[in-house]
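First up is the structure itself, then whatever we jot down about it.
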Amino acid sequence: MDWLGIGVLIIGIAFLAFVIMLIKPLNKLSGVFSSLKSTTDALPQQVADITTGAKDTLSTGRETIQQLNNQMSELSPIFTIIGNVGETTIKLSSSMVDITKEMKENTEEGSTFIERNNLEGLYGAITLGYFALQRKNPLENSASDRS
């Protein structure tokens with residue numbers, strides 16, 4: 001039994017030395033855990049602040065989208081009017097193109113008559129005379145422009 005007591009005593013001294021060696025790292029570990037506790041204590045408040053900020057941002061975005069929808073609904077009739085004006089303009093311009101084509105075809109038939117009878121000079125002289133008369137009477141032209 002003496003040997004058993006000596007063995008237990010040696011094992012006890014070894015554990016005591018082992019514990020003494022672990023005191024410094026365990027103190028550092030307890031410091032890490034205390035700083036971790038102070039960090040995580042503030043975490044619920046930070047998460048609540050972030051959630052509140054995200055909620056505010058989303059509600060502001062929702063309000064902005066609602067305002068935009070209201071403004072677009074107010075502008076919708078204007079866009080409809082602009083579309084109708086565009087369609088009317090297209091119809092008018094296509095009508096003018098048709099009229100121009102028809103006049104060109106009629107003029108081409110007339111131009112062959114003019115070329116055949118050598119009347120280009122006569123029409124040019126008549127046009128020149130007409131413009132000369134227009135230039136000669138500026139008072140009459142400006143009076144007719146005013147009325």
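Between Ile90, Ile50, Ile65, the distinction of being surrounded by 10 or more Cβ atoms within 10 Å (Cβ to Cβ) and modelled with pLDDT under 90 belongs to Ile90 only. Before we move on, is Leu16 part of a helix (DSSP H, G or I), over 60 Å from the mean Cα position of the chain (by Cα) and modelled with pLDDT of 90 or more? Yes.
Taken as a whole, the condition of being modelled with pLDDT of 90 or more and assigned to a helix (DSSP H, G or I) does not apply to Ala42.
The values are calculated or read from the model by the stated rules, or taken from the named source; none is laboratory data. Quick caveat, the model's predicted, so the values are computed rather than measured. With ideal geometry, Cβ positions are generated from the backbone for all residues, glycine too; neighbour counts draw on all protein chains shown.
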